[in-house]
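This report refers to the structure that appears directly beneath it.
The values are calculated or read from the model by the stated rules, or taken from the named source; none is laboratory data. What you see is a predicted model, and the numbers here were worked out from it, not measured in a lab. FYI the Cβ positions are ideal-geometry reconstructions off the backbone, even for glycines, and counts take in every protein chain you see.
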Amino acid sequence: MDDQPIIVKRVKKVAGGHHGGSWKVAFADFATAMMAFFLVLWLTATATPEQKLAVQGYFRDPVGYTEGGAANPVDLGGSASVVEASDADQADHEIRIDDQRIETMAEQLEQRQMEELFQDLKEQIENSETLSEFKDQLLIDITDEGLRIQIVDRSQRPMFDSGSAQLKYYSQDILFELAKPLGSVPNKLSITGHTDATPFGGRPGYTNWELSADRANTARRALVAGGVRPEQIGRVVGLADSVLFDQDDPTAPVNRRISIIVLNKKAAGEIQGRAGRSGEPLIDLTQPTEAEQEAAREQLESGDWGQEKEPVQPGELNW
């Protein structure tokens, strides 16, 4: 039997669908481009008009834009000049808001202190044997300038001698009592003298203007002698009958009064501003001389204010 050759068939398996890794690179480039595209859309939607103009100027003339000293807007921080200006404006705005808030809080605190002083004075008037007797002549309220205390005349009970700047003994006691709480506050004080509309004819050339100013200054000396610091006085003014308490009755006793105002900071600043020199009182009368202070101390210690303690006579009521 003839030997037959053995034929072996080898089938070669060919793997199908293999195209290499180039598609991965293309897909990565596509994803990066899409990310950049959406990033540009987002930046365009959120950019301010100034930032858009900066980017537009850069792409129109990159060399000239850079040489002109402008910052390159195409960076992670955007336009340096625009961002810094925006930050500065925001910081200034925040500072202004903080200043306004601090000023408002300071005004509210000062208003609360005025209200507390108002209550303290009311309690002192009720509890003081000296002041309670004259509480119908003490009018206290809070105005735009601060806390105001008005000591008014009543029928048969004037503050001063008729046509004189000499204090009655009980008026001196009232001012001494008021000086204690007033001297304990840091605020400046304003003292104003008022008369009624009856013309003064006691001395030639001496009118209600001079009389009201002299009485205001006498009240100042009494307050200083009672404990108010001399530097606390911010204004001493005589207004005669120009600001009547009772408009319907210009000659009423209540129009004759001394007004003491515990000035708030705004009012005190306005007074100093009108004076023209910050930190100084409006007129020289507010600063007593050493001789005046020494005389006031002696009178206070001796209990003699140059006025005998006599009953008030009806004939003394005419100013």
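Here is how the numbers come out for the structure above:
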| read-out | value |
| --- | --- |
| Selection from region 161-187 of residues that are out of contact with any helix residue (DSSP H, G or I) (no Cβ under 6 Å at 6 or more places or on another chain) and among the aromatic types (Phe, Trp, Tyr) | TYR169, TYR170 |
| Matching residues in region 182-197 - criterion: being within 17 Å of ILE258 (Cα to Cα) and not in a strand (DSSP E or B) | LEU182, LYS188, THR195, ASP196, ALA197 |
| Scan of region 184-196 for residues that are surrounded by fewer than 16 Cβ atoms within 10 Å (Cβ to Cβ) and over 19 Å from ILE174 (Cα atoms), ordered by number | PRO186 |
| Matching residues in region 230-261 - criterion: being among the hydroxyl-bearing types (Ser, Thr, Tyr) and part of a strand (DSSP E or B) | SER259 |
| Test: residue in region 182-198 that is at positive phi and under 34 Å from the mean Cα position of the chain (by Cα) | no |
| Cβ-Cβ under 7 Å pairs, at least 6 apart or on other chains, region 205-220 side in contact (Cβ under 8 Å) with a residue 24 or more places away in the chain and under 21 Å from LEU182 (Cβ atoms), far side of a type outside the set (A, V, I, L, M) and in a helix (DSSP H, G or I) | ARG220/THR286 |
| Residue in region 100-123 that is in contact with a helix residue (DSSP H, G or I) (Cβ under 8 Å, 6 or more places away or on another chain) and hydroxyl-bearing (Ser, Thr, Tyr) present | no |
| Per-region count, region 45-77, residues out of contact with any Pro (no Cβ under 9 Å at 6 or more places or on another chain), at pLDDT below 80 and among the hydroxyl-bearing types (Ser, Thr, Tyr) | 1 |
| Considering residues of region 150-178 that are aliphatic (A, V, I, L, M) and surrounded by fewer than 20 Cβ atoms within 10 Å (Cβ to Cβ) only, the residue nearest to PRO250 (Cα to Cα) | ILE151 |
| Some residue of region 12-32 being within 30 Å of LEU53 (Cβ to Cβ), modelled with pLDDT of 70 or more and surrounded by 10 or more Cβ atoms within 10 Å (Cβ to Cβ) | yes |
| Counted residues, region 215-242 - those being of a type outside the set (A, V, I, L, M) and buried (at least 19 other Cβ atoms within 10 Å of the Cβ) | 11 |
